[in-house]
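Novice: Next up is a structure, given as structure tokens.
Computed from the coordinates by the stated procedures, all read-outs in this text should not be read as laboratory data. Bear in mind that the values here come from a model prediction, so they are computed numbers and not experimental data. FYI the Cβ positions are ideal-geometry reconstructions off the backbone, even for glycines, and counts take in every protein chain you see.
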Amino acid sequence: MYRRCGFRYEKKLRALGVVRIAGIDEAGRGALAGPVVAAAVILPEKFRHRKLKDSKQLLPELRQEIYDELVSRVDIFWSVGIVDPVEIDQINILRATHKAMRFALNRLPAIAEHVLIDGLPVLPFPLPQTAIIDGDCISLSIAAASVIAKVTRDRLMREFCAQFPEYCFGQHKGYGTELHLIKLHEHGPCPIHRRSFEPVAQPLLALDLLSCRAKTETPLVSAEKVRDSSTAVGMTEA
């Protein structure tokens with residue numbers, strides 16, 4: 001049953017006396033190239049927004065519009081954390097994602113008391129947390145973080161596209177699309193590719209898997225993400 005994105009979890013925490021609640025989400029975990037970006041956002045108690053929801057459900061133009069509104073408001077506290085591809089390869093994508101989340105939280109201009117995290121619990125973590133599966137569809141705080149993380153990462157990938165135009169990063173944002181895999185096969189990996197992800201090393205095999213997915217509707221994921229299953233700061237299609 002569809003439930004509108006709202007403040008259910010936030011209201012429960014405020015009833016317990018918790019005032020500053022941060023929503024946290026990431027973008028780029030499943031990509032084959034580029035950084036993973038996490039955002040942390042503290043919304044005011046009276047915040048209302050009819051269009052805000054999971055960033056993946058928003059058209060790019062509307063997502064950018066909501067992003068501009070969120071980051072321009074003085075009563076909204078937000079920050080981002082970024083882990084680059086080299087560190088992703090060194091520590092694996094799950095640890096890199098959690099590190100980006102901790103960095104984003106630490107950079108918030110206001111100190112949070114509790115965090116709402118999209119997905120599974122993050123351990124260790126410096127604050128009490130509530131992990132919410134599909135949280136970006138349920139919590140406005142997490143949805144706001146998803147928009148900021150996604151728009152930030154998409155902008156970075158467009159900048160990388162200018163550096164490495166042969167890969168068309170501006171179109172696929174580093175994800176394992178057919179176009180990306182074809183370009184990867186033609187040119188080999190560039191400095192922002194995640195070498196620990198199997199499709200980067202075997203783009204032809206990945207293309208075969210992509211063809212199978214088209215027939216079976218089974219999503220293509222990186223070998224690293226399958227094994228994990230479950231930013232350095234500052235340097236989609238999530």
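Novice: Please report, in debye to the nearest 20, how large the charge dipole of the stretch 1-68 is about its Cα centre when each Lys and Arg carries +1 at its beta carbon and each Asp and Glu carries -1 there. Kindly include the intermediate steps, with their values, before the conclusion.
Specialist: On the way: 15 positive and 8 negative charges, 104 e Å.
The dipole magnitude comes to about 500 debye.
Novice: If you scale each eigenvalue of the Cα gyration tensor by 5 and take the root, what three semi-axes come out for the stretch 134-220, rounded to whole angstrom and sorted largest first?
Specialist: Details: eigenvalues 130, 74, 20 Å².
Gyration-tensor ellipsoid for the stretch 134-220: 26, 19, 10 Å.
Novice: Just to check, using Stokes-Einstein with a Kirkwood Rh over alpha carbon pairs, what's the diffusion coefficient of the stretch 28-82 at 10 °C and 1.306 mPa s in µm²/s?
Specialist: Numbers: Rh = 12.8 Å.
After rounding, the answer is 124 µm²/s.
Novice: What is the distance in Å between the Cα centroid of the stretch 114-176 and that of the stretch 181-215?
Specialist: Centre-to-centre (Cα) distance: 22 Å.
Novice: Can you pull the percent of Cα pairs in the stretch 1-138 with separation above 25 Å?
Specialist: The share of Cα pairs beyond 25 Å in the stretch 1-138 comes to 25 percent.
Novice: Also, I was wondering about something else. Note down the Stokes-Einstein diffusion coefficient of the chain in µm²/s, whole number, using a Kirkwood radius over alpha carbon pairs, 25 °C, and 0.890 mPa s. Could you put the intermediate results ahead of the total?
Specialist: On the way: Rh = 18.1 Å.
Result for D is 136 µm²/s.
Novice: Still on this structure: Straight distance only, please: which aspartates and glutamates reach the Cα of Lys46 with their own Cα at less than 12 Å, same-chain residues fewer than 8 apart left out?
Specialist: Counting by Cα, and skipping residues close in sequence, Lys46 has these aspartates and glutamates nearby: Glu10, Asp75.
Novice: Calculate the FRET efficiency for Phe164 and Ala15 from the Cβ-Cβ distance with a Förster distance of 45 Å, rounded to the nearest 0.05. Walk me through the intermediate numbers first.
Specialist: Details: r = 50 Å, r/R0 = 1.11.
Rounded to the nearest 0.05, the efficiency is 0.35.
Novice: Let me ask something additional. For the chain, give the magnitude of the charge dipole about the Cα centre (Cβ charges: +1 Lys/Arg, -1 Asp/Glu; no others), in debye to the nearest 20.
Specialist: Working: 32 positive and 28 negative charges, 170 e Å.
For this selection, approximately 820 debye.
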